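The values are calculated or read from the model by the stated rules, or taken from the named source; none is laboratory data. Bear in mind that the values here come from a model prediction, so they are computed numbers and not experimental data. Heads up, the Cβs are rebuilt from the backbone with ideal geometry, glycines too, and the neighbour counts pull from every protein chain shown.
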Amino acid sequence: MSRQVKVSRTTQETSISLTLDLDQFHDPQIDTSVPLLSHFLTAFTFHGRFGMTLQADGDIAVDPHHLVEDVGLVLGQALTEALGDRRNITRFGQQYVPMDEALVLCALDLSGRGQCYWGPGFPDRDINGTSAEVWPEFFHGFARRSGTTLHLRYIAGDNAHHVYEAVFKAFGRALAEAVTPLETGGISSTKGVL
């Protein structure tokens with residue numbers, strides 16, 4: 001079964017087209033109107049070893065919030081479609097990622113029960129004019145739309161760029177672990193369903 005999907009979303013605020021391949025890595029082709037988001041998603045894709053193309057435009061003259069959140073929603077929708085009934089996946093993933101002085105943890109469960117638990121302590125400073133408030137919105141949107149229980153924890157770090165880049169790298173690596181096919185097949189739950 002192919003785990004490659006294409007998802008598009010157009011609203012009065014954003015226009016997004018995303019292709020996700022969970023099994024075939026290629027150089028990321030990511031173009032958003034928020035260069036920092038493009039940078040972080042390139043890190044996510046590279047470290048998750050996913051194939052991803054993304055074209056995203058939005059009303060960033062108002063605020064990057066709508067675009068960043070909607071990209072999270074579209075990525076969550078793409079994951080949902082790629083996984084289907086979630087049969088034959090490892091389900092859980094967790095990764096600590098250090099980046100210089102920064103250290104973060106991402107732990108997730110592809111349970112179908114979507115919620116993001118954003119830990120305290122993350123830097124609240126802008127990076128090149130992009131507010132730190134947009135990053136939890138990205139992950140909340142992703143978790144809700146994908147049915148992922150997602151825990152993100154700040155452990156250390158003074159440089160906001162290092163901290164948030166480490167978050168996206170940890171997210172990619174944890175997600176790659178969780179979508180890894182099970183050798184035994186079946187559903188990774190004692191209930192027999194996710």
*Considering residues of the range 153-190 that are in contact with a Ser or Thr (Cβ under 7 Å, 6 or more places away or on another chain), small (Gly, Ala, Ser) and modelled with pLDDT of 95 or more only, the residue farthest from MET99 (Cα to Cα)*: ALA178
*asked:* List pairs: first residue in the range 77-96 and farther than 16 Å from ARG113 by Cβ, second residue in a helix (DSSP H, G or I) and basic (Lys, Arg) anywhere in the structure, Cβ distance under 7 angstrom, at least six positions apart or on different chains.
replied: GLN77/ARG145; GLN95/ARG173
*Kindly indicate whether any position in the range 13-25 is modelled with pLDDT of 95 or more, touching a helix residue (DSSP H, G or I) at 6+ places or on another chain (Cβ under 9 Å) and assigned to a helix (DSSP H, G or I).*
no
*Residue by residue through the range 20-50, note down the ones that are of a type in the set (Gly, Ala, Ser) and under 19 Å from ARG9 (Cα atoms).*
SER33, SER38
*When the residues of the range 84-116 are filtered to those that are over 30 Å from GLN4 (Cβ atoms) and touching a strand residue (DSSP E or B) at 6+ places or on another chain (Cβ under 7 Å), which remaining residue is surrounded by the fewest Cβ atoms within 10 Å (Cβ to Cβ)?*
GLU101
_Please pick out the residue among ASP31, ASP70, ASP124 that is in contact with a helix residue (DSSP H, G or I) (Cβ under 9 Å, 6 or more places away or on another chain), buried (at least 20 other Cβ atoms within 10 Å of the Cβ) and of a type in the set (D, E, K, R)._
ASP70
_Answer from THR32, THR45 - the residue that is under 25 Å from PRO181 (Cα atoms), hydroxyl-bearing (Ser, Thr, Tyr) and at pLDDT 95 or above_ = THR45
*Candidates GLY186, GLY157, GLY119, GLY147 - the one that is surrounded by fewer than 20 Cβ atoms within 10 Å (Cβ to Cβ), in contact with a strand residue (DSSP E or B) (Cβ under 8 Å, 6 or more places away or on another chain) and not aromatic (Phe, Trp, Tyr)*: GLY119
